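Here's the structure we're looking at; comments come further down.
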Amino acid sequence: MGFLSRFLDVFRSNVNSALDRAEDPEKMIKLMVLEMEDSVEKANQALASAMGTEKRLERQYQDLVKGSEDMENKALTALRANNEHLAKVALTKKGQLETQATQYKQMHESAVATSRQLKEQIEQLKSKLQDARMKEATLIARSKNAKAQAEMAKQLSGMGNHSFAKFDKYEEKILKLEADAQALTELSSAESTRDVDYQFKQLEQSTKVDDELARLKALLNK
């Protein structure tokens, strides 16, 4: 029992020390929810920037396509005017615009893919954030309950090691007082009995002496 008691005392001490050193789970949960909210906000900002880039690239691509079509129309106009040199210049410019348009089309498609990927990531983040918010209150309540149980166990442990020990000590004192009182009562009763017996013996002795005295007087009178 002594070894088990010491083991439990050491165990409780270690648990209480660990709880005191541990980070506050309630604060950590709230902090993580705030970090998730911040991540969603930053992701939304990144998405807005990506969508802006997507729209800009699309507009530039459309301008390049339109410019290419304009150069082709100008080349036709030059040919109608029998100006092949100007038509070649227009067609050369058209080729340059088409090359640029191809590049911008690729960049626009990449931007569209980036925006789509960001949207999917944001949806995942929002889903996780919603789950975290739903669990937040439950986890905090469980944390408070665990703290309350630990504190109660701590108080009960202290009370068991001190108050109950004192209680047992005083109980022993009371039992000793009761035993001493009973012993005194028995001694007093015995002494009283002995005193009465002594008085009766003295009375019997006195009666015998009187009887002997009376007998001797009777002999003398004869």
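The values are calculated or read from the model by the stated rules, or taken from the named source; none is laboratory data. Please read these numbers as outputs of a predicted model, since none were measured by experiment. In this analysis, Cβ positions are derived from the backbone assuming ideal geometry, glycine residues included, and neighbour counts consider all displayed protein chains.
Is it true that some residue in the stretch 56-78 is at pLDDT below 80, among the aromatic types (Phe, Trp, Tyr) and out of contact with any strand residue (DSSP E or B) (no Cβ under 9 Å at 6 or more places or on another chain)?
Taking every residue of the stretch 56-78 in turn, none turns out to be at pLDDT below 80, among the aromatic types (Phe, Trp, Tyr) and out of contact with any strand residue (DSSP E or B) (no Cβ under 9 Å at 6 or more places or on another chain).
Hey, Glu54 hits all of (1) surrounded by 18 or more Cβ atoms within 10 Å (Cβ to Cβ); (2) free of Cβ contacts under 8 Å to residues at least 60 places away in the same chain; (3) not hydrophobic (A, V, I, L, M, F, W, C) but one; which does it fall short on?
Status for Glu54: all satisfied but (2).
In the stretch 104-143, what residues are surrounded by 13 or more Cβ atoms within 10 Å (Cβ to Cβ) and either under 16 Å from Gln62 (Cα atoms) or among the small types (Gly, Ala, Ser) (or both)?
Across the stretch 104-143, the qualifying residues are Tyr104, Lys105, Met107, His108, Glu109, Ser110, Ala111, Val112, Ser115, Ala132, Ser143.
Could you identify the single residue in Lys88, Lys30 that is over 57 Å from the mean Cα position of the chain (by Cα) and part of a helix (DSSP H, G or I)?
After applying the criteria, what remains is Lys88.
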